[in-house]
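The values are calculated or read from the model by the stated rules, or taken from the named source; none is laboratory data. Not measured: the values here are computed from a predicted model. Every residue, glycine among them, receives a Cβ derived from its backbone with ideal geometry; neighbour counts consider all protein chains shown.
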Amino acid sequence: MVTDQKNKINKSDIHEHNHPSVITYFKVAMALILLTALEIVVFYFDWLRYGIIPVMAVLSIGKFAIVVMYYMHLKFDSKLFTYLFMAGLILAMVVILCLMALFGWFK
Amino acid sequence: MTTIPLKLPFKINLSRPVNPTGIWDWITTTDHKKIGVLYGVTAFLMFITGGIEALLIRTQLAGPEMKIIAPEVYNQLFTMHATTMIFLGVMPLSAAFFNYIIPLQIGARDVAFPRLNAFSYWTFLFGALIMKSSWFLGGSPNAGWFGYAPITTTTFNAGHGIDFWVVGLQVLGVASLAASFNFIVTIINMRAPGMSFMRLPLFTWMTFITAILLVLAFPVITVALIELMLDRTFDFNFFNTSAGANPLLWQHLFWIFGHPEVYILILPAMGIVSEILPTFSKKPIFGYAAMVLAAAFIAFMGWLVWSHHMFTTGLGPIANSVFTITTMLIAVPTGVKMFNWIGTMWGGNIEFNTPTLFSVGFLSMFLIGGISGVMHSFSASDYQQQDTYFIVAHLHYVLFGGAIFGIFGGIYYWFPKITGRMYDEKMGKLNFWLMFIGQNLTFFPMHFIGMQGMPRRIFTYDANMGWAFWNGVETFSAYVIAFGVLFFMINMLKSWGNGPKAGDDPWDGRTLEWSISSPPPVYNFLDVPKVEALDDFWVKKQKGITKIKSKTKPKDIHLPQASYWPMLVALGLTIAAYGIIYNLVVCGLGIAMVLITVCAWSFEPVNEPDAH
Amino acid sequence: MSDETTTGLNSRKILMWVFLGSDCMFFASLIGTYLIYKGMGASHPGPSDVFDIPTTSVSTFVLLMSSMSMVFAYAYLVRDNIKAFRIWMVSTIIMGATFLGFQIFEFSEFYFHDHLSPQTNLFGTTFYALTGTHGIHVTIGVVWLGIIFYSSLFRNSVSSKTNLDLDLAALYWHFVDIVWIVIFAVVYLFGTFRGFPS
Amino acid sequence: MKKIISLSIVFLLIVSCGKDLPMSTFDTYGPIAEEQAFIFSIIFWAGMVVLVAVEAAIIYVYFKYRRRKNSNRKAAQFHGNTKLEILWTILPVVFLAIVSVPALSAIWNFATMPENPAVVVNVKGHQYWFEFQYPDLHVVTANELHIPVGKQVLINLDSNNVLHSFWIPKIAGKTDIIPNQTNQMWIQADHTGLYYGQCAEFCGESHALMRFRVIVDTDEDFAAWIDHQKTEAYVPNDPLEKEGYTIFMSPKAGCGGCHMIHGSKKAKGRIGPNLTHVGSRQHLAAGIMENTQDNLRQWIKDPGKIKPGNIMASQGAVYMDPNKALTDSEVIALASYLQSLK
């Protein structure tokens, strides 16, 4: 079913020796759970007021980053993948921030 | 004919086309050259329909208070003219060059995903047909190619015209995205050994930058179109002003896409000119690295200027100042490119033929468009120019005098490679001069009447406004352009069949496509070339290294095989698109067809292991 | 066609990353729309009228865990441990489907109980469009993983040699997960945080 | 400043041959349009210098280095010149930095609204006409904007339908009219007279026919005009006008459902233009024709023919229902009544 062509994979594609072990994946998952729990706890700290924005941003970006680095292997793979993805990601953030500025979010 | 039974959850047995002939060859082909020709011919036909729409517009405006075309039809005409020229004309004409030329320039036997390439073509064709079928199905879209909300909502536009526009553009977006994904990967991953990024021909570079711009810009317009589609079909509130929506949302999303789109239109033409000028000047391009950096900088800045299309929408002085400055900055890398082209010709031995005429025409016309662009980058004076014929003049200098001149130059330049025959030089020159004179007499007076207060998108004007004389001149000259294009068509048709044999390297070319026979064999390169320098072919010719006898036999080269699936997936998309307009059940069937055919596609090997 | 590529990287994997970069812009436009319209139009029902953070926290947790399960499946496939691979695949698919179940529950709750439909107000419009698009992404992911699992079960055609097929699906799956991380923070948590001065 | 502007007009005079150009952006009559034309003239002349120089370079190079027959000249082989390239990168930056100073200051000048405007006007964009409300003076009119000469006028722009754009080329550049977002601009006219305006943002089928006039009055004329606008509508005595009045107010024709005639009890609509003093206006149907008996009759007879897609033609009872259609004599009566509303 899956074809011959697809079977011919370049050696460089199999990085299992580079890839982290199952234990590492599990640790990452624990970190993700911890960060999510922190998010939910912080969510009930009403006294943070606007301070919640940086706190939440740090926590979410942390989760985002470790998923991308470990689960999506960007930390171990070719830098090219990082560049291609980051081009879209950074531009996406710039566009959202520009739009928020234009619609008076930071006044 | 070998049959490959596909055991799938849903039991499909379709034999794979093996060495199909005639029309089935064209329908199932995955050869980038054939797809390139299909793209080019289809896009050119669309360009003609867009031209006819333009002539009708100009005819109505020939004099004051004319009543040749009804206002509603006029609005549909200018909407379709712009939509056609941008999405069905210039973009796919550029894509035709990407398809045909890029693998040849980087020394590849095909693109990275041949079937995706075929899919891109069929989606483009069907998208174009969806768009154009609106003329026969109750009227075309009538809100301008920019489709500013809320005039596109059902409250103000109940007919189906806008629906055709919404789904048509989405289908065309899928086509463009598929092609761009393909070319990004192809240019990254299919380069011949030694073809490093800084040895890529400039046309390949411009394609690469264009494709990156496109994959980042099209999602934005797709979201905007989906939002509008949800509004129109399911009564969402994105642009429903009575629910408190702000119509500027559309304008922002549209121009976040729309400004990079402008560079998507012009960068390929810049790339073509950057191939033609060194070839015929017999000189290397002046400042190769600067040319690449300038283009990259233009592409990057293209994301930070979009609100200059919206200076009059009340963004406030801070936003207007910021976007004025960023817009002005784009003039700098554009200037660098202009000077480098002049530097390329300097001291050269320039052949005076049709491709160079179009290229030099490109430089001089694009310069005018660029300067008028700087004029309205100043938001303070743009308050007077926004939505007047001054802008119409500017954009036609950039897109007609720029992009179209570049593309026509490219067609003449690569015609001998693609067909193996030489075009008629005299008729080519006649074509150029008619288009050049027509272009200037049509679009230059628009600067005057724009500053004299004539707004865009008006189907009539009063005699006492003083705009009548130049409008008459413009209409006359628009027909001169049409005659120029007519001579182009005659030239192409005549030369394709009966032109003198061109030979493999008629221009004493610099890049790899000239090192193979004309037209290129199906496998492109018998031996994948080893690249050692920028303009490798030229350098090797200078060193006296000519063709080496190859030991590879053509039959040993594995080529991507024909497939039905790309066309069938595109067909499914088309059915879904019509379903959105007329009947959601049909839409569901179309989506189901897409899912099934995509699965079948992914289970079909690129090459059958046992087939050659 | 030669298997050798210029960069030595697999073309399909490059394609996947370019697609994910492009999809970032897709979600950016939707999130941008949501943020622009936040607080505009009729304010009720609004985020704090409809969201139930504990429920959504659970579904967020499920999606995060499905990502972990996904990497496990991949790790075992690479080591040719097909049995473990299948177990983790099933678990990933079930967790993905559970997330979708939560979303359907949530939508019907909002729709029938809180009377929030896409037609109600700008919040309804932007919320359903954003989370619905994400839900469609998850659905496609579940179907994709399902097809790979089917191939492994009935066609025995999945092995460490074909790990790239799974790798691509996994990349997509994790991407859908990280998009949810952003949506959860921006839409749910910021939407109902009571500390913002009103 | 005027001199610089007029210099740039020289080039336009060549092409316009002294023709009357009622919407020319060079022929300015107010400080805003003047500053906009001044900014344009700066970039225009700067652009001309670049244009001529570079075009000359392109043509020179193309002809000078063309391939000649029977010549063995070889092309010079060089790849670039770093010094030159840096030079032609930095020169434009400096050039643009200089010209941007007046341009940026002008942006702030236009955006700073007058603190004590002489008049405030709320402009409402409709498909396809302009409504002018003077909130402080309690006057509502349509398509003909009266302002006092030499005074700052604050304009609030709003729409309850699609986008429009408010533009008086000789007095000020345009600002868009956007639903759910009230934009502001200010204008000032330094000479009395009649000026042309037009909607500049595509707004539908008859976008081209959405025009208006600005009448700049002396202070006395403006005050008199305001006083007159405040009065109630004329009540007709002439039999023909009276007949028109009866038709206008009749439920069968239903004109009053959309149109306001101040002082009458039956005409209280706010959808169409306020007709209280329609007879005193110089033009009809958003500035597309003179206000004459004949034009008015044509307009009342078939507004959809004169201005396709307008709401009166598509929703007015007398145009939708053939049984209610106006006879020629009714049209004549209506026209004479409306003309009497001076």
- Query: Any residue at all in region B:515-523 that is within 14 Å of chain A (Cβ to nearest Cβ) and either over 29 Å from the mean Cα position of the chain (by Cα) or surrounded by 13 or more Cβ atoms within 10 Å (Cβ to Cβ) (or both)?
  - Reply: no
- Residue check, B:THR313 touching a Lys or Arg at 6+ places or on another chain (Cβ under 7 Å), over 19 Å from B:SER372 (Cα atoms) and among the polar types (S, T, N, Q): no
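Assess whether A:VAL68 counts as being under 14 Å from the mean Cα position of the chain (by Cα) and either within 7 Å of another protein chain (Cβ to nearest Cβ) or surrounded by fewer than 17 Cβ atoms within 10 Å (Cβ to Cβ) (or both).
yes
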- Query: Any chance region D:96-107 includes a residue that's under 23 Å from D:GLN198 (Cα atoms) and buried (at least 17 other Cβ atoms within 10 Å of the Cβ)?
  - Reply: yes
- For B:ASN440, are the conditions met, namely being within 13 Å of chain D (Cβ to nearest Cβ), surrounded by fewer than 24 Cβ atoms within 10 Å (Cβ to Cβ) and more than 30 Å from D:ILE168 (Cβ to Cβ)? yes
- Message: When you check B:PHE323 against the structure, is it part of a helix (DSSP H, G or I) and free of Cβ contacts under 8 Å to residues at least 12 places away in the same chain, yes or no?
- Response: no
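Yes/no matrix, rows are residues, columns are (1) closer than 30 Å to D:ILE311 by Cβ; (2) facing another protein chain (nearest Cβ under 10 Å); (3) crowded, with 24+ Cβ neighbours inside 10 Å; (4) at pLDDT 95 or above:
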| site | (1), (2), (3), (4) |
| --- | --- |
| B:ALA118 | no, no, yes, no |
| B:LEU137 | yes, no, no, no |
| B:ASN142 | yes, yes, yes, no |
| B:PHE146 | yes, yes, no, no |
| B:THR152 | yes, yes, yes, no |
| B:GLY161 | yes, no, yes, no |
| B:PHE208 | no, no, yes, yes |
- For B:ASP231, which of the numbered conditions (1) charged (D, E, K, R); (2) more than 7 Å from chain C (Cβ to nearest Cβ); (3) within 25 Å of the chain's Cα centre (by Cα) fails to hold? (3)
- Of those in region A:90-107 that are crowded, with 19+ Cβ neighbours inside 10 Å and at the interface with chain C (Cβ under 7 Å from one of its Cβ atoms), the residue farthest from the chain's Cα centre (by Cα) is A:PHE103
- Item | For B:GLY348: the one exception among (1) outside any helix (DSSP H, G or I); (2) surrounded by fewer than 24 Cβ atoms within 10 Å (Cβ to Cβ); (3) not aliphatic (A, V, I, L, M) | (2)
- Residue count, region D:35-73, condition more than 7 Å from chain B (Cβ to nearest Cβ), surrounded by fewer than 17 Cβ atoms within 10 Å (Cβ to Cβ) and at negative phi, comes to 14
- Note on the structure: Only one of (1) among the hydrophobic types (A, V, I, L, M, F, W, C); (2) within 11 Å of chain C (Cβ to nearest Cβ); (3) crowded, with 22+ Cβ neighbours inside 10 Å does not apply to B:ILE226, and that is (3)
- Query: Out of the residues in region B:524-561 that are within 30 Å of the chain's Cα centre (by Cα) and within 14 Å of chain C (Cβ to nearest Cβ), which is farthest from B:THR597 (Cα to Cα)?
  - Reply: B:VAL531
- Item | Subset tally (residues that are without any contact (Cβ under 8 Å) to a residue 12 or more places away in the chain and either in the same structural domain as D:GLN127 (by TED's automatic domain parsing) or assigned to a helix (DSSP H, G or I) (or both)) for region D:247-264 | 0
- region D:190-210 residues that are touching a residue at least 60 places away in the same chain (Cβ under 8 Å) and more than 8 Å from chain B (Cβ to nearest Cβ), paired with ones that are polar (S, T, N, Q) and assigned to a helix (DSSP H, G or I) (beta carbon under 7 Å, 6 or more apart): none
- Note on the structure: Being more than 25 Å from A:THR82 (Cβ to Cβ) and either within 7 Å of chain C (Cβ to nearest Cβ) or loosely packed, with under 14 Cβ neighbours inside 10 Å (or both) narrows A:LEU48, A:LEU38, A:LEU32 down to just A:LEU48
- Within region B:54-76, identify whether any single residue is under 19 Å from the mean Cα position of the chain (by Cα) and either surrounded by 20 or more Cβ atoms within 10 Å (Cβ to Cβ) or within 27 Å of B:PHE405 (Cα to Cα) (or both), and answer yes or no. yes
- Determine, yes or no, whether C:THR162 is of a type in the set (Ser, Thr, Tyr), within 7 Å of chain A (Cβ to nearest Cβ) and buried (at least 19 other Cβ atoms within 10 Å of the Cβ). yes
- Message: Quick check on region D:180-203: of everything there that is surrounded by fewer than 24 Cβ atoms within 10 Å (Cβ to Cβ) and either modelled with pLDDT under 90 or part of a loop (DSSP other than H, G, I, E, B) (or both), which residue is farthest from the chain's Cα centre (by Cα)?
- Response: D:ASN180
- Note on the structure: If we take region B:378-429, then helices (runs of 4 or more DSSP H) inside it with 1 or more residues that are away from chain D (no Cβ under 14 Å) and not polar (S, T, N, Q) are B:389-398, B:405-419
- Give me the pairs, please: first residue somewhere in region B:455-467 and within 12 Å of B:THR388 (Cα to Cα) and facing chain D (nearest Cβ under 7 Å), second residue anywhere and β-branched (Val, Ile, Thr) and not in a loop (DSSP other than H, G, I, E, B), beta-carbon distance under 6 Å, and either six or more positions apart or on two chains. B:PRO455/B:THR388
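Test B:PHE339 against the stated conditions and say whether it is out of contact with any Cys (no Cβ under 6 Å at 6 or more places or on another chain) and facing another protein chain (nearest Cβ under 9 Å). Walk me through it before giving the result.
Working: out of contact with any Cys (no Cβ under 6 Å at 6 or more places or on another chain): yes; facing another protein chain (nearest Cβ under 9 Å): yes.
Yes, satisfied.
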- Task: Run down C:VAL62, C:VAL18 and say which single residue is more than 10 Å from chain A (Cβ to nearest Cβ), within 29 Å of C:MET95 (Cβ to Cβ), in contact with a Phe, Trp or Tyr (Cβ under 6 Å, 6 or more places away or on another chain) and free of Cβ contacts under 8 Å to residues at least 60 places away in the same chain.
- Result: C:VAL62
- Single residue of D:ALA267, D:ALA233, D:ALA224 found to be away from every other protein chain (no Cβ under 14 Å) and in contact (Cβ under 8 Å) with a residue 40 or more places away in the chain: D:ALA233
- Task: Tell me which residues, restricted to region D:85-111, are at the interface with chain B (Cβ under 7 Å from one of its Cβ atoms), free of Cβ contacts under 8 Å to residues at least 40 places away in the same chain and of a type outside the set (Val, Ile, Thr).
- Result: D:GLU85, D:TRP88, D:PRO92, D:LEU96, D:SER100, D:LEU104, D:TRP108, D:ALA111
- Message: Tell me whether region C:68-80 contains one or more residues that are in contact (Cβ under 8 Å) with a residue 24 or more places away in the chain, more than 19 Å from A:TYR71 (Cα to Cα) and part of a helix (DSSP H, G or I).
- Response: no
- Which of (1) within 30 Å of C:TYR111 (Cα to Cα); (2) assigned to a loop (DSSP other than H, G, I, E, B); (3) within 7 Å of another protein chain (Cβ to nearest Cβ) is the odd one out, the single condition C:THR7 does not satisfy? (1)
